[in-house]
1. Just to verify a result, which residue in region 161-205, among those that are over 24 Å from Ala236 (Cβ atoms) and among the acidic types (Asp, Glu), is surrounded by the fewest Cβ atoms within 10 Å (Cβ to Cβ)?
2. Under 6 Å between Cβ atoms, which residue pairs at least 6 apart in sequence (or on different chains) link something in region 166-189 that is in contact (Cβ under 8 Å) with a residue 40 or more places away in the chain with a partner that is polar (S, T, N, Q)?
3. Can you work out which of the residues in region 14-29 that are within 23 Å of Asp206 (Cβ to Cβ) and free of Cβ contacts under 8 Å to residues at least 60 places away in the same chain is surrounded by the most Cβ atoms within 10 Å (Cβ to Cβ)?
4. Among the residues of region 130-165, write down those that are acidic (Asp, Glu) and free of Cβ contacts under 8 Å to residues at least 60 places away in the same chain.
5. Restricting to region 204-238, name every residue that is closer than 20 Å to Gly13 by Cα and touching a residue at least 12 places away in the same chain (Cβ under 8 Å).
6. Just to verify a result, which residue in region 25-79, among those that are in contact with a Gly (Cβ under 6 Å, 6 or more places away or on another chain) and part of a strand (DSSP E or B), is farthest from Ala236 (Cα to Cα)?
7. I'd like to verify a number: residues in region 118-152 that are over 28 Å from Ala211 (Cβ atoms), outside any helix (DSSP H, G or I) and of a type in the set (S, T, N, Q), how many?
8. Out of the residues in region 99-111 that are among the small types (Gly, Ala, Ser) and crowded, with 24+ Cβ neighbours inside 10 Å, which is nearest to Asn7 (Cα to Cα)?
Amino acid sequence: MKIATYNVNGVNGRLPVLLRWLAEDAPDIVCLQELKAPQDKFPQAALRDLGYDAVWLGQKSWNGVAILSRVGEIHETRRGLPGDDGNDGEDQSRYIEAAVAGVLIGALYLPNGNPHPGPKFDYKLRWFERLIDHAAGLLASGLPVILAGDFNVMPTELDVYKPERWTDDALFAPEVRAAYARLVDQGWTDALRHLHRDERIYTFWDYFRNAYGRDAGLRIDHLLLSPALAPRLIDAQVDRHVRGWEKTSDHAPVWVTLGDESAPAARKRRA
């Protein structure tokens with residue numbers, strides 16, 4: 001089973017790119033972020049024509065998340081994280097959770113947090129704490145769970161082109177990196193890093209200064225597997241070429257392949 005995450009950066013404006021990738025790569029389950037579409041403007045019909053059912057949480061501005069499936073019915077279990085982040089009661093469209101094909105999927109779009117320091121950075125940290133608390137509860141359930149999405153975090157210097165240029169950015173701030181480490185240390189497996197331990201492998205390249213051509217990228221899109229799911233990990237990759245398509249997102253799709261429940265333990269690193 002192939003499970004992917006993709007910050008599509010505007011689901012309607014980039015729908016041809018999304019549909020092309022889905023048709024060519026055929027992932028079984030997909031988590032989307034940054035829909036930039038109200039709830040009633042999500043392109044459900046176009047996705048259904050490709051065989052994908054969907055649940056989504058839309059928002060007109062920069063947010064919005066969705067889960068797509070072509071391998072079974074989607075049973076939505078949660079919209080939004082539990083708790084209060086102190087954002088004047090406004091619960092942004094950043095988290096949706098569903099059970100699909102025997103796996104619990106949490107699709108998320110963590111706040112950017114810039115400018116740093118400032119109120120947006122404080123909000124990012126509060127939202128992160130809510131995620132950490134919820135993730136602990138998911139692990140306690142013992143279920144096979146995957147947290148997938150745009151975390152807006154570069155966990156280590158290996159995950160950023162020229163780290164010295166990002167010292168003042170919220171995505172690379174020590175507090176944010178520490179929060180990500182605390183999350184993973186609960187028992188989650190960072191799938192891409194687990195199988196590519198020493199590689200500079202990126203998931204995002206901005207639109208400026210030929211970042212994609214120079215491979216001046218960042219790794220900010222992650223798939224975290226619970227202990228009940230991690231032994232089924234077979235492969236993890238980035239569809240880097242999609243970032244080079246015309247009118248595409250500044251992110252590339254990231255995916256994992258999982259074996260069935262009887263699959264052997266994952267390779268500790270790729271050959």
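The values are calculated or read from the model by the stated rules, or taken from the named source; none is laboratory data. Computed from a predicted structure; not experimentally measured. Using ideal geometry, Cβ is built from the backbone for each residue, glycine included, and neighbour counts are taken over all protein chains shown.
1. It comes out as Glu164.
2. Listed pairs, sorted by first residue: Ala170/Asn114; Leu171/Asn152.
3. The initial filter retains those residues of region 14-29 that are within 23 Å of Asp206 (Cβ to Cβ), namely 14-18, 20-21.
From what's left, free of Cβ contacts under 8 Å to residues at least 60 places away in the same chain: 15, 18.
Working: Leu15: 15, Leu18: 25.
Only one residue tops the list, namely Leu18.
4. Of all residues in region 130-165, those acidic (Asp, Glu) come to 133, 150, 157, 159, 164.
Across region 130-165, the qualifying residues are Asp133, Glu157, Glu164.
5. Step one: list which residues in region 204-238 are closer than 20 Å to Gly13 by Cα, which gives 204-208.
Answer for region 204-238, where residues must be closer than 20 Å to Gly13 by Cα and touching a residue at least 12 places away in the same chain (Cβ under 8 Å): Phe204, Trp205, Asp206, Tyr207.
6. If we filter region 25-79 for residues that are in contact with a Gly (Cβ under 6 Å, 6 or more places away or on another chain), which is where we start, we get 31, 33, 35-39, 42, 58, 64, 70.
Then drop every residue that is not part of a strand (DSSP E or B), which leaves 31, 33, 37.
Numbers: Cys31: 15, Gln33: 19, Ala37: 29 Å.
The extreme case among them is Ala37.
7. Adding up the residues that qualify gives 0.
8. First, the residues of region 99-111 that are among the small types (Gly, Ala, Ser): 99, 101-102, 106-107.
So of that shortlist, the ones also crowded, with 24+ Cβ neighbours inside 10 Å come out as 106-107.
Numbers: Gly106: 14, Ala107: 11 Å.
Across region 99-111, the extreme among qualifying residues is Ala107.
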